[in-house]
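Beneath this line is the structure, given in structure tokens, with notes to follow.
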Amino acid sequence: MQTNKPNLIVELTFNFAIKIISYTELLEEKRKFNLANQLFRSGTSIGANVREAQNAESKNDFIHKLKIAAKEADETTYWLMLCEKSKNYPNPNELINEIESIQKVLSKIIASTKNKTIK
């Protein structure tokens, strides 16, 4: 399933992971280690699962891996919202906007792939 063509979701999730790394470094500077660790793990896992989906063995495997990425995106949203609502945390609003866009793209890919599988 992997091609050398540009892939929107692969690029979006990779760039998001880079921003998550920078944001979690800010959290660590403020000694917010527990939240930084959780956010780092879930925020970088999205792209890893999307990448893994590019080498799926079947359409069902592709959908399954993207669903895992969607779950990680949902968890990342949770951690970012905690940062947003907590005192003395750097502003995560740009990241929240990006993760919402990623979630929409993932949902659309999953839905359209399911529709192709059913037909």
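Rule-based calculations on the coordinates, nothing more; no lab input. This one's a predicted model, so the numbers in the text were calculated from it and none came from an experiment. In this analysis, Cβ positions are derived from the backbone assuming ideal geometry, glycine residues included, and neighbour counts consider all displayed protein chains.
Quick notes on this structure:
- Charge dipole (debye, nearest 20) of the chain; +1 at Cβ of Lys and Arg, -1 at Cβ of Asp and Glu: 400
- Note on the stretch 21-71: with charges restricted to the Cβ of Lys and Arg (+1) and Asp and Glu (-1), its dipole about the Cα centre is near 180 debye.
- The chain - Debye-derived log10 I(q)/I(0), Cα point model, q = 0.15, 0.16, 0.21 Å⁻¹: -0.64, -0.71, -1.08
- Each Cα pair under 8 Å and six or more residues apart adds its separation to the average, and for the chain the resulting relative contact order is 27 percent.
- Annotation: amide H-H contacts under 5 Å for A56 (H modelled 1.01 Å from N, sequence separation of 5 or more, or interchain): none.
- Principal-axis analysis of the Cα atoms of the chain puts helix 93-118 at an angle of about 20° to the longest axis.
- Point-to-point label distance, E25-Q54, nm (Cα→Cβ direction, 7 Å offset): 2.4
- In sequence order, the stretch 59-64 has phi-based couplings of 5, 5, 5, 4, 4, 4 Hz under the Karplus curve 6.51 cos²θ - 1.76 cosθ + 1.60, θ = phi - 60°, and Gly or Pro positions carry x.
- Label-point gap, in nm, between L8 and S107 - each point 7 angstrom along Cα→Cβ: 1.5
- Too-long pairs where the Cα-Cα distance tops 19 Å, listed order kept, from K65/K104; K85/K108; K19/K87: K85/K108; K19/K87
- When the stretch 8-118 is described by a simple charge dipole with +1 on each Lys and Arg Cβ and -1 on each Asp and Glu Cβ, the residue from A70, T13, G47 located farthest towards its positive end is A70.
- In the stretch 1-98, GluC sites (Glu not before Pro) in a DSSP loop with at most 14 other beta-carbon atoms within 10 Å: E57
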